[in-house]
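Values quoted throughout were computed directly from the atomic coordinates according to the rules given, and no laboratory measurement underlies them. Since this is a predicted model, take the numbers as computed values, not measurements. Glycine also receives a Cβ, built like all others from the backbone with ideal geometry; neighbour counts cover every protein chain displayed.
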Amino acid sequence: MRSAISAADEFRGKVAIVTGAGGELGSAIASSLIEAGASVAWVGRRRTALVRQLSRVASGRKQSLAIRADVRSEAAVRGAVRATLDRFGKIDVLVNNAGARGPTQPVTRLSRRAWQEVIDTNLTGPFLFSRECLKHMERRREGCIINISSVVGHWAYPLRASYAASKSGLISLTLTLAEEAGAANVRVNAICPGPVAGKAIENVLEARARALGISIEKMRRDFMRPAALGRMATPEDICRVVLFLCSTAASNVTGQVIDVSAGYGLWPGK
Ligand SMILES: NC(=O)c1ccc[n+]([C@@H]2O[C@H](COP(=O)([O-])OP(=O)(O)OC[C@H]3O[C@@H](n4cnc5c(N)ncnc54)[C@H](OP(=O)(O)O)[C@@H]3O)[C@@H](O)[C@H]2O)c1
């Protein structure tokens with residue numbers, strides 16, 4: 001029997017778009033798809049970040065296309081999808097991973113502009129990319145969309161209202177898209193990471209410690225208390241679930257919201 005996670009050749013000939021591919025998680029996801037044999041359009045705002053990440057994937061040059069695009073712009077999203085089709089001829093997988101953290105402030109101090117920026121990036125961006133890719137996927141009667149939400153999309157997240165609302169909205173968008181696109185054999189799922197070890201979560205902890213006026217050490221202890229396994233997830237943990245969701249092993253998995261969080265937040269009393 002083949003391994004439940006796709007064998008290396010399963011993704012050969014497949015084409016994926018990964019947004020936010022210049023960042024920690026996005027670059028890990030794009031690299032893991034390439035290592036599994038897929039071709040990948042790496043989408044991000046900063047070309048230097050994309051090129052830096054891309055240069056780390058030794059075998060990935062031929063299988064990669066770096067596309068500078070802001071996920072908030074309809075024209076840029078259309079352009080990115082067109083460029084991917086021009087280069088690779090089809091799109092099998094879309095990973096909506098780009099995300100903005102937004103400010104760490106109570107709602108009473110949150111500006112309309114800061115609110116909007118996070119909603120536009122984390123929710124409208126996936127809507128625009130999904131809409132554009134679905135035109136193509138529905139025609140081919142095949143496709144897989146993965147939205148990178150967050151465990152905070154399930155709950156309250158004091159001082160991060162725009163982020164939590166955007167991630168909650170993304171879960172809702174996932175469910176509706178899965179229902180709408182199911183008839184065309186397009187699957188749509190969400191992954192909700194808990195804290196993922198890396199630079200991004202360190203920035204979150206620092207901003208939160210500053211806002212609450214506590215030490216970074218206390219912040220780290222408090223922040224990690226809800227994790228049943230007592231640790232952060234890793235980018236590799238998220239990649240493995242992305243690969244599973246794209247694989248034939250998941251051909252009947254759609255409309256699912258999967259936490260990859262080391263059991264973060266299982267007991268509200270913790
Ligand atoms: N790290 C965690 O602990 C954690 C936990 C839960 C969920 N997540 C989610 O995982 C995803 C990846 O986060 P990460 O930890 O890898 O953070 P990251 O390193 O900051 O990566 C985020 C990426 O998104 C890109 N991006 C932001 N705004 C964009 C825009 N308007 N258009 C195009 N790209 C844009 C950034 O590119 P530029 O810098 O070039 O703008 C950056 O490369 C996010 O959706 C995040 O919310 C992360």
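The table below gives the values:
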{"quantity": "Any helices (runs of 4 or more DSSP H) falling wholly within region 1-118 and containing at least 2 residues that are of a type in the set (A, V, I, L, M, F, W, C) and either touching a residue at least 60 places away in the same chain (Cβ under 8 Å) or away from the ligand (no atom under 12 Å from the Cβ) (or both)", "calculated": "24-35, 74-88"}
{"quantity": "Qualifying positions in region 240-264 - surrounded by fewer than 17 Cβ atoms within 10 Å (Cβ to Cβ) and assigned to a loop (DSSP other than H, G, I, E, B)", "calculated": "Ser251, Asn252, Val253, Gly255, Gln256, Gly263"}
{"quantity": "Qualifying residues in region 194-234 (those that are among the basic types (Lys, Arg) and in contact with a helix residue (DSSP H, G or I) (Cβ under 8 Å, 6 or more places away or on another chain)) - the one surrounded by the fewest Cβ atoms within 10 Å (Cβ to Cβ)", "calculated": "Lys199"}
{"quantity": "Test result for Arg140, away from the ligand (no atom under 16 Å from the Cβ) and either out of contact with any Gly (no Cβ under 7 Å at 6 or more places or on another chain) or of a type in the set (Gly, Ala, Ser) (or both)", "calculated": "yes"}
{"quantity": "Test: residue in region 156-166 that is of a type in the set (D, E, K, R), over 14 Å from the mean Cα position of the chain (by Cα) and either more than 15 Å from the ligand (Cβ to nearest atom) or not in a helix (DSSP H, G or I) (or both)", "calculated": "yes"}
{"quantity": "Any hit, region 217-236, residues being in a helix (DSSP H, G or I) and either touching a residue at least 40 places away in the same chain (Cβ under 8 Å) or under 16 Å from the mean Cα position of the chain (by Cα) (or both)", "calculated": "yes"}
{"quantity": "Candidate set from region 187-216 (those that are outside any helix (DSSP H, G or I) and among the aliphatic types (A, V, I, L, M)); member that is farthest from the ligand (Cβ to nearest atom)", "calculated": "Ile214"}
